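Undergrad: One structure, as structure tokens, below. Some questions next.
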Amino acid sequence: MRLSVIGCGYVGLVTGSCLAELGHSVVCFDNDAAKAQMLREGHMPIYEPHLEELFLRNRQEGRLSLATEAGEAVRNADAIFICVGTPPLENGDADLSAIDRVARLIATESRSPKLVVEKSTVPVRTGQELKRALAVYGRNSGARFRVASNPEFLREGTGVEDFLHPDRIVVGVEDAETERQLREIYQPVLDGKFNCPVHPAGCQVTTEPSFVVTTIASSELIKHASNSFLALKISYANALAALCERLGANVEEVTRAMGLDPRIGPHFLRAGLGFGGFCFPKDIQAFIRLAERVGVDFRLLKEAEAINNRQIDLFVEKVRHALWVIRDKRVALFGLAFKPYTDDVRFSPAIKLAQRLVAEGAHVHAYDPKAMEKARAVLSEVVYEADPYAAARQADALIVATEWPEFTNLDWEKIRAEMARPLLMDGRNLFNPKEIRALGFEYESVGRPDGDSVGLVS
Ligand code: UDX
């Protein structure tokens, strides 16, 4: 099928490259000329495992191309996937201006029927507005448009894997023809018939994804409802962590046992500095606003958001307690990305924490395996070190803010020797308290006051 993808961010690049890998002919377009040029030269603007290989190979084999002008991405496509950003406005609403711009572009450039698929995360009823916009902007084009919602459930860092091995593919449609077309697009995923780039030695994944067909409104809601529920789970674990600290219990032990109940499940119950990234914080806010607008006070979500914001305050308090005075202390910060295996620092708790420490007068020396370049653009007041040992040098405290597993493989005796005071403050419960204390560290983590439990990676 001839497909096009508009927007070459995380979602667009993963979607475009994976759709090409499934055998479709895909044209990608981004209106950021610098980004488009970078891609044309074969450079990825983001780090995402397997993406570069997939993108380059599919370009080379002729299934994936980059449009030089917007119309090229529209005219020849049977279906167009909208993957543009929907960042938060000041008031928390999703900014839909990029979607509106794309609607105008599609409507004015189309000369034949198109299926327009919203993949970007959008508030419920965007599909209706999109349909209206296409009709209004395209009134002179004569083209017929069908609209569908097909939310992405791609985690950064495992985006390619999530696309090719999803739990479910959700499509919100209004007619049987659209359902058929989307089923055809995803058939190789449903049948597991593609060369899996994630498991080149032989893919063992046997679970068949569910193909869920709903109305457009339900499909839009499923995305916001899923992300908000996951955010809720994290905040629940963080609220428990605060309680554990007061009561002498251990949050890892509590959540591990809770997670064994299949009704609860083990995932997204990790206490720490809270959730960040470009999805959860904005999606939860947009969902709260959406509910407000239709007269529903979704207080539960407001509380989840408040708990998340409080995690940074509580941690800064902990640092202050440990250091007494923060001003002029040298602090090593391990981790800047909002989670491991990504270079994304948008709404990263690690960045928020660094900003707070800098504001209080600390000298922050940071290290992250992938995110330093992106961090530099938003946080100029810290010193970026080429390796973790240099970051630890002469530090009065070392803070782990992102749970990169490779941090556990460092030579921690050497790090201790580099530090002015061997104080390790683990914002992600990455370490086994007993083991790290045995190396001579003073150790603090989140929700583990007695410090005797196992770490996340041990
Ligand atoms: C998320 C959704 O998982 C994905 O389905 C959606 O399409 C996009 O948003 P992503 O933003 O990549 O994906 O991040 P995710 O892996 O979900 O993690 C979000 C944040 O929660 C991270 O900052 C992570 O460190 C934090 N987190 C996660 C916790 O603090 N505790 C946990 O137990 C799990």
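The values are calculated or read from the model by the stated rules, or taken from the named source; none is laboratory data. Source: prediction; values computed, not measured. As a convention, Cβ positions derive from the backbone with ideal geometry for all residues, glycine included, and neighbour counts pool all protein chains shown. Ligands, DNA and RNA are stripped out before the accessible areas are found, and what is left, the full protein with its side chains, is counted by its heavy atoms. Shrake-Rupley method; radii C 1.70, N 1.55, O 1.52, S 1.80 Å.
Undergrad: Helices (runs of 4 or more DSSP H) wholly in region 346-458 with at least 2 residues that are within 16 Å of the ligand (Cβ to nearest atom) - which ones?
TA: 349-359, 372-378
Undergrad: Among the listed residues Glu129, Glu179, identify the single one that is assigned to a helix (DSSP H, G or I), open to solvent by less than 70 Å² (accessible area, probe 1.4 Å), free of Cβ contacts under 8 Å to residues at least 60 places away in the same chain and not hydroxyl-bearing (Ser, Thr, Tyr).
TA: Glu179
Undergrad: Away from the ligand (no atom under 11 Å from the Cβ) and either acidic (Asp, Glu) or within 27 Å of Ile399 (Cα to Cα) (or both): does that describe Val316?
TA: yes
Undergrad: Here's a follow-up. Identify the residue in region 247-262 that is of a type in the set (D, E, K, R) and open to solvent by 20 Å² or more (accessible area, probe 1.4 Å) and, among all such residues, is nearest to the ligand (Cβ to nearest atom).
TA: Once the filter is applied, the top-ranked residue is Arg256.
Undergrad: Looking only at region 145-161, count every residue that is surrounded by fewer than 22 Cβ atoms within 10 Å (Cβ to Cβ), more than 12 Å from the chain's Cα centre (by Cα) and either among the β-branched types (Val, Ile, Thr) or assigned to a helix (DSSP H, G or I) (or both) and tell me the total.
TA: Qualifying residue count for the region: 1.
Undergrad: Still on this structure: What about Ile234, is it under 21 Å from the mean Cα position of the chain (by Cα), among the hydrophobic types (A, V, I, L, M, F, W, C) and modelled with pLDDT of 95 or more?
TA: Taking the combined requirement at face value, the residue satisfies it.
Undergrad: In region 76-104, how many are in contact with a strand residue (DSSP E or B) (Cβ under 9 Å, 6 or more places away or on another chain) and buried (at least 16 other Cβ atoms within 10 Å of the Cβ)?
TA: Residues that pass the stated criteria total 15.
Undergrad: Could you list, in sequence order, the residues of region 263-304 that are open to solvent by 30 Å² or more (accessible area, probe 1.4 Å), within 16 Å of the ligand (Cβ to nearest atom) and assigned to a loop (DSSP other than H, G, I, E, B)?
TA: Ile264, Pro266, His267, Phe268, Arg270, Phe278, Cys279 - these are the residues of region 263-304 that are open to solvent by 30 Å² or more (accessible area, probe 1.4 Å), within 16 Å of the ligand (Cβ to nearest atom) and assigned to a loop (DSSP other than H, G, I, E, B).
Undergrad: Touching a Lys or Arg at 6+ places or on another chain (Cβ under 8 Å), open to solvent by 10 Å² or more (accessible area, probe 1.4 Å) and not in a helix (DSSP H, G or I), is that true of Gly142?
TA: Yes: the conditions hold for Gly142.
Undergrad: Right, here's the next one. Could you check region 199-238 and list, in sequence order, the residues that are open to solvent by less than 70 Å² (accessible area, probe 1.4 Å), outside any helix (DSSP H, G or I) and away from the ligand (no atom under 16 Å from the Cβ)?
TA: Result: His199, Gly202, Cys203, Val205, Phe211, Val213, Thr214.
Undergrad: Continuing with the same structure: State all residues of region 400-444 that are surrounded by fewer than 19 Cβ atoms within 10 Å (Cβ to Cβ) and among the polar types (S, T, N, Q); if no residue qualifies, say none.
TA: Once the filter is applied, which keeps residues that are surrounded by fewer than 19 Cβ atoms within 10 Å (Cβ to Cβ) and among the polar types (S, T, N, Q), region 400-444 yields Thr408, Asn409.
Undergrad: Among (1) of a type in the set (Val, Ile, Thr); (2) under 25 Å from Ser17 (Cβ atoms); (3) more than 25 Å from the chain's Cα centre (by Cα), which single condition is Val254 missing?
TA: (2)
Undergrad: OK, next. Return the residues of region 110-168 that are of a type in the set (D, E, K, R), at pLDDT 95 or above and away from the ligand (no atom under 16 Å from the Cβ); say none if nothing qualifies.
TA: Lys114, Glu129, Lys131, Arg132, Arg146
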